[in-house]
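The values are calculated or read from the model by the stated rules, or taken from the named source; none is laboratory data. All figures in this text were calculated on a predicted structure; none of them were measured in a lab. Cβ sites come from the backbone with ideal geometry, for glycine too, and all protein chains shown count toward neighbours.
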Number of protein chains: 2
Amino acid sequence: MKLNGNYARLSDSYLFSNIAAKVRAYKEAHPDEEVVSLGIGDVTRPLAPDVIREMSAATRDLASEATFRGYGPEQGYAFLRDAIVRHYAEKGVVLRADEIFVGDGAKSDLGNMVELFGRSRVLLPDPVYPAYRDVNVMAGNSIHFAVGNGRNGFKPMPPYGKRFDIIYICSPGNPTGAVYTREELKEWVDYALATGAVIFFDAAYEAFVSDASLPTSVFEIEGARECAVEFNSLSKSAGFTGMRCGWTVVPSELADGALNKMWLRRQTTKFNGASYVVQRAAAAALGSRGEKQCRESVEYYMSNARVMHEALTAAHIRHTGGVNSPYIWMQCPKGMTSWEYFDLLLNKAAVVGTPGVGFGRHGEGYFRLTAFGNAEKTARAIARLVEVTSSLK
Amino acid sequence: MKLNGNYARLSDSYLFSNIAAKVRAYKEAHPDEEVVSLGIGDVTRPLAPDVIREMSAATRDLASEATFRGYGPEQGYAFLRDAIVRHYAEKGVVLRADEIFVGDGAKSDLGNMVELFGRSRVLLPDPVYPAYRDVNVMAGNSIHFAVGNGRNGFKPMPPYGKRFDIIYICSPGNPTGAVYTREELKEWVDYALATGAVIFFDAAYEAFVSDASLPTSVFEIEGARECAVEFNSLSKSAGFTGMRCGWTVVPSELADGALNKMWLRRQTTKFNGASYVVQRAAAAALGSRGEKQCRESVEYYMSNARVMHEALTAAHIRHTGGVNSPYIWMQCPKGMTSWEYFDLLLNKAAVVGTPGVGFGRHGEGYFRLTAFGNAEKTARAIARLVEVTSSLK
């Protein structure tokens with residue numbers, strides 16, 4: 001057998017295992033202290049009542065022969081794809097059901113979509129969600145970075161004069177919480193069209209955008225149907241991290257229709273559809289009543305984000321995000337690396353966050369906070385974080 | 001963007017859409033006639049009571065904050081991997097939990113596993129489940145066939161003197177229903193070890209084996225831990241075709257431990273675990289009570305297989321399978337292609353099956369019947385099939 005040699009070029013990631021080991025050691029040494037994590041990337045609120053009701057009904061369907069469902073369409077049931085079409089229509093984006101592919105989450109599709117391309121020059125933001133990089137290392141692609149920093153509000157703009165095959169954009173961004181404006185996204189679309197690139201647009205955090213002037217789908221931008229694929233997920237908007245359901249939009253214009261056909265072929269060959277009960281639950285989450293219920297959890301998280309954002313602002317601690325995004329990307333105190341700041345916070349404030357360097361070289365000196373925790377704990381933790389951080393000045 | 005040129009080398013498959021179109025046309029012309037399908041590849045019996053009970057309990061867990069579950073381990077929850085370890089222990093196969101990877105079905109894993117290898121020479125049986133071939137075309141691998149025919153009981157044996165990197169074996173086989181004996185499988189394992197190949201062993205139909213002398217896992221064979229990966233699924237054994245849950249075993253000995261680590265890395269990077277409720281349901285299906293309940297459906301299907309097998313045997317129609325397998329692979333009447341026989345059966349007996357040529361060049365002249373239908377309808381349909389076929393002699 002011949003192994004894929006690209007795997008040897010992956011760098012091991014110990015980010016979250018290192019964090020877990022440090023937290024464990026601290027808790028063992030301080031058994032009576034409350035350690036609060038502001039580093040949770042997972043949701044914590046239960047599923048919406050309508051979602052639970054629909055899952056229970058779907059479960060009952062599977063219990064009797066007359067209503068049993070076996071294999072479903074690989075690209076998703078029509079009832080769910082139609083619900084997704086309506087979800088886009090509400091923001092003025094017109095899609096056909098056969099441009100939508102239901103999957104088991106954005107992570108799978110973002111990784112698997114790379115298969116449709118030959119060896120590619122790939123442009124990623126730095127800092128970045130590490131899986132974007134790793135799936136391209138596995139494919140043997142050459143990886144280039146567009147640096148996001150304080151000067152561009154952590155929103156890298158097109159590197160004019162250079163060409164890439166695949167461009168990754170995540171907006172609202174993980175880890176920085178930065179959100180592209182309509183005009184900025186238009187620049188990326190125009191650049192992709194001019195250079196023949198495809199944009200992989202990760203819209204997993206769209207539900208956290210409350211400012212109506214900000215785009216929540218790349219297809220709100222003229223020309224995007226000719227150059228972009230969009231990945232979305234119910235993980236954060238409806239609490240589906242453990243349910244596993246997302247979708248990918250492959251417009252029929254892309255590569256003269258070739259890409260939509262290729263993805264259909266890929267999915268029908270290597271995937272057998274998302275679970276029936278999960279698809280029923282997903283349709284409920286996108287229904288008018290279910291969506292309202294899901295919004296309550298999103299607002300709960302955004303209230304956490306606001307509390308953190310206001311506390312940091314009052315203390316003059318530089319940061320982005322926390323508005324239109326569940327992530328806050330804050331500057332570490334002067335002269336501290338992100339791991340040094342992590343250690344300080346854990347030991348002096350019993351607060352856990354995520355060192356920015358875990359998201360790329362240009363994440364060094366920054367720190368990620370998330371809004372997915374319990375409200376009372378989050379409020380206590382941000383107060384302790386501000387106190388410890390301010391005392392350093 | 002550069003598209004993956006291998007996709008252009010895929011041949012379009014119209015097998016099932018052609019069948020559907022012919023059946024539709026027949027039904028329109030004969031609205032009052034009962035058309036029975038003996039071509040169903042999907043299960044039709046409802047889920048077991050214990051599985052339903054556990055899914056309902058898991059759904060309730062997701063409805064409240066205290067019991068909510070978000071992201072799970074990408075390789076599957078410990079409770080399910082431990083249940084799978086016990087499932088193997090019952091047949092005398094000792095596995096470690098970290099050699100087991102829970103996924104959303106064998107189809108995904110069988111396709112995705114190819115990524116761990118560089119350009120490979122791949123050996124497939126012919127006839128074969130078409131996805132095996134397509135995923136290797138997509139990867140740019142060179143594809144070679146080991147012919148299964150009446151002379152070898154549709155169980156091709158190693159092509160001594162030739163070398164391949166990846167060897168696919170499905171036993172009990174789809175579409176032929178043939179089951180390798182322990183001795184035959186040992187030949188394949190020895191051949192793989194001698195030539196440095198890896199075996200992809202598809203055990204999706206193991207639950208249909210009732211003859212205790214036949215192996216139901218490649219790991220019952222000495223040496224397999226050094227050369228084989230095994231794919232399994234609850235689709236047919238527990239009726240999970242719409243639920244989506246399977247597992248893959250990657251022994252720690254393979255490629256000196258490299259393959260297990262690579263698959264773990266692949267799954268943690270491009271997959272986020274099977275749905276929590278589905279994993280709870282899967283554990284119930286593997287529990288002692290749940291397994292007994294699932295066996296009742298397997299026995300229902302195997303009773304259909306027996307009825308078909310006995311009817312064909314009594315009429316001296318040559319076939320394999322139907323014993324230790326839910327598939328029957330029968331010879332078409334002399335001089336008829338598999339599509340000609342399909343048309344004859346549809347028009348004279350109102351019975352639908354699957355033309356063997358859909359599974360490869362060497363499937364021409366054969367016809368696949370499945371045992372997944374309703375018992376009364378299956379009995380009526382096989383009687384009509386036998387009558388029409390015998391009248392040709």
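Looking only at residues that are within 16 Å of the chain's Cα centre (by Cα) and in a loop (DSSP other than H, G, I, E, B) in segment B:119-134, which one is surrounded by the most Cβ atoms within 10 Å (Cβ to Cβ)? Outline the logic, then answer.
As a first pass, look at segment B:119-134 and keep what is within 16 Å of the chain's Cα centre (by Cα): B:124-134.
Filter once more, keeping what is in a loop (DSSP other than H, G, I, E, B): B:127-129.
On the way: B:P127: 27, B:V128: 23, B:Y129: 21.
The qualifying residue surrounded by the most Cβ atoms within 10 Å (Cβ to Cβ) is B:P127.
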Quiz item: Given the residues B:F231, B:F219, which is the only one that is part of a helix (DSSP H, G or I) and either touching a Cys at 6+ places or on another chain (Cβ under 7 Å) or farther than 23 Å from B:A58 by Cβ (or both)?
Solution: B:F219
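In segment B:165-196, what residues are in a helix (DSSP H, G or I) and under 22 Å from the mean Cα position of the chain (by Cα)?
First, pick out the residues of segment B:165-196 that are in a helix (DSSP H, G or I): B:182-195.
If the condition is that a residue be in a helix (DSSP H, G or I) and under 22 Å from the mean Cα position of the chain (by Cα), then B:R182, B:E183, B:E184, B:L185, B:K186, B:E187, B:W188, B:V189, B:A192 are the ones that fit.
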Exercise. Go through segment B:275-292 residue by residue and tally those that are facing another protein chain (nearest Cβ under 7 Å) and either within 21 Å of the chain's Cα centre (by Cα) or in a helix (DSSP H, G or I) (or both).
Key: 3
Practice problem: Could you please let me know if A:R163 is of a type in the set (D, E, K, R) and within 25 Å of A:D190 (Cβ to Cβ)? | Solution: yes
Quiz prompt | Counted residues, segment A:7-38 - those being surrounded by 17 or more Cβ atoms within 10 Å (Cβ to Cβ) and not assigned by TED's automatic domain parsing to the domain that holds A:R384 | solution = 1
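Out of all the residues in segment B:44-91, which are among the basic types (K, R) and within 29 Å of A:Y300 (Cβ to Cβ)? Can you show your working first?
Of the residues in segment B:44-91, the ones among the basic types (K, R) are B:45, B:53, B:60, B:69, B:81, B:86, B:91.
Of everything in segment B:44-91, those that are among the basic types (K, R) and within 29 Å of A:Y300 (Cβ to Cβ) turn out to be B:R60, B:R69.
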Quiz prompt | Where a residue in segment B:16-39 is over 12 Å from B:D343 (Cα atoms) and its partner, wherever it lies, is among the acidic types (D, E), with Cβ under 9 Å and at least six apart | solution = B:K27/B:E33
Quiz item: What single numbered condition from (1) surrounded by 22 or more Cβ atoms within 10 Å (Cβ to Cβ); (2) under 30 Å from B:R45 (Cβ atoms); (3) within 14 Å of chain B (Cβ to nearest Cβ) fails to hold for A:Y71?
Solution: (1)
Practice problem: Identify all residues within segment B:195-216 that are within 13 Å of chain A (Cβ to nearest Cβ) and of a type outside the set (F, W, Y); write none if there are none. | Solution: B:T195, B:G196, B:A197, B:V198, B:I199, B:A204
Quiz item: Out of all the residues in segment B:119-144, which are touching a helix residue (DSSP H, G or I) at 6+ places or on another chain (Cβ under 6 Å) and facing chain A (nearest Cβ under 10 Å)?
Solution: B:A131, B:D134, B:V135, B:V137, B:M138, B:A139, B:G140
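Condition first: in contact (Cβ under 8 Å) with a residue 24 or more places away in the chain and either of a type in the set (D, E, K, R) or not in a helix (DSSP H, G or I) (or both). Now tell me which residues in segment B:366-386 satisfy that. Steps first, please.
So in segment B:366-386, the residues in contact (Cβ under 8 Å) with a residue 24 or more places away in the chain come out as B:366-375, B:377-386.
Of everything in segment B:366-386, those that are in contact (Cβ under 8 Å) with a residue 24 or more places away in the chain and either of a type in the set (D, E, K, R) or not in a helix (DSSP H, G or I) (or both) turn out to be B:Y366, B:F367, B:R368, B:L369, B:T370, B:A371, B:F372, B:G373, B:N374, B:K377, B:R380, B:R384.
For segment B:49-62, indicate whether the set of residues that are within 30 Å of B:W329 (Cα to Cα) and either surrounded by 14 or more Cβ atoms within 10 Å (Cβ to Cβ) or within 9 Å of chain A (Cβ to nearest Cβ) (or both) is non-empty.
Restricting attention to segment B:49-62, the residues satisfying the condition of being within 30 Å of B:W329 (Cα to Cα) are none.
Scanning segment B:49-62, I find no residue that is within 30 Å of B:W329 (Cα to Cα) and either surrounded by 14 or more Cβ atoms within 10 Å (Cβ to Cβ) or within 9 Å of chain A (Cβ to nearest Cβ) (or both), so the answer is no.
Consider A:T195 carefully, then state whether it is touching a residue at least 40 places away in the same chain (Cβ under 8 Å) and not hydrophobic (A, V, I, L, M, F, W, C). First the steps, then the outcome.
Values: touching a residue at least 40 places away in the same chain (Cβ under 8 Å): no; not hydrophobic (A, V, I, L, M, F, W, C): yes.
Considered against the rule, which asks whether it is touching a residue at least 40 places away in the same chain (Cβ under 8 Å) and not hydrophobic (A, V, I, L, M, F, W, C), A:T195 comes out as no.
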Self-check item: Given (1) of a type outside the set (V, I, T); (2) touching a residue at least 60 places away in the same chain (Cβ under 8 Å); (3) in the same structural domain as A:D61 (by TED's automatic domain parsing); (4) closer than 18 Å to A:E54 by Cβ, index of the condition A:G242 fails
Solution: (2)
Quiz item: B:S37 passes all but one of (1) among the hydroxyl-bearing types (S, T, Y); (2) touching an Asp or Glu at 6+ places or on another chain (Cβ under 8 Å); (3) more than 9 Å from chain A (Cβ to nearest Cβ); which number fails?
Solution: (2)
Quiz prompt | Residues satisfying the stated conditions in segment A:155-168, i.e. crowded, with 22+ Cβ neighbours inside 10 Å and over 16 Å from A:D202 (Cα atoms) | solution = A:F164
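For residues in segment B:298-350 being assigned to a loop (DSSP other than H, G, I, E, B) and small (G, A, S), which is nearest to the chain's Cα centre (by Cα)?
Taking segment B:298-350 and keeping what is assigned to a loop (DSSP other than H, G, I, E, B), we get B:315-318, B:322-326, B:332-337, B:350.
With the extra rule that they be small (G, A, S), the set shrinks to B:315, B:322, B:325, B:335, B:350.
Values: B:A315: 28, B:G322: 15, B:S325: 10, B:G335: 30, B:A350: 27 Å.
Here the answer is B:S325.
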Quiz item: How many of the residues making up segment B:235-271 are part of a helix (DSSP H, G or I), more than 10 Å from chain A (Cβ to nearest Cβ) and aliphatic (A, V, I, L, M)?
Solution: 1
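Residues are listed down the side, and each one gets a yes or a no for (1) in contact with a helix residue (DSSP H, G or I) (Cβ under 6 Å, 6 or more places away or on another chain); (2) polar (S, T, N, Q):
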| position | (1), (2) |
| --- | --- |
| A:S252 | yes, yes |
| A:R265 | no, no |
| A:G287 | no, no |
| A:E299 | no, no |
| A:T354 | no, yes |
Quiz item: Out of (1) away from every other protein chain (no Cβ under 12 Å); (2) of a type outside the set (S, T, Y); (3) touching a Lys or Arg at 6+ places or on another chain (Cβ under 7 Å), what's the single condition that is false for A:D104?
Solution: (1)
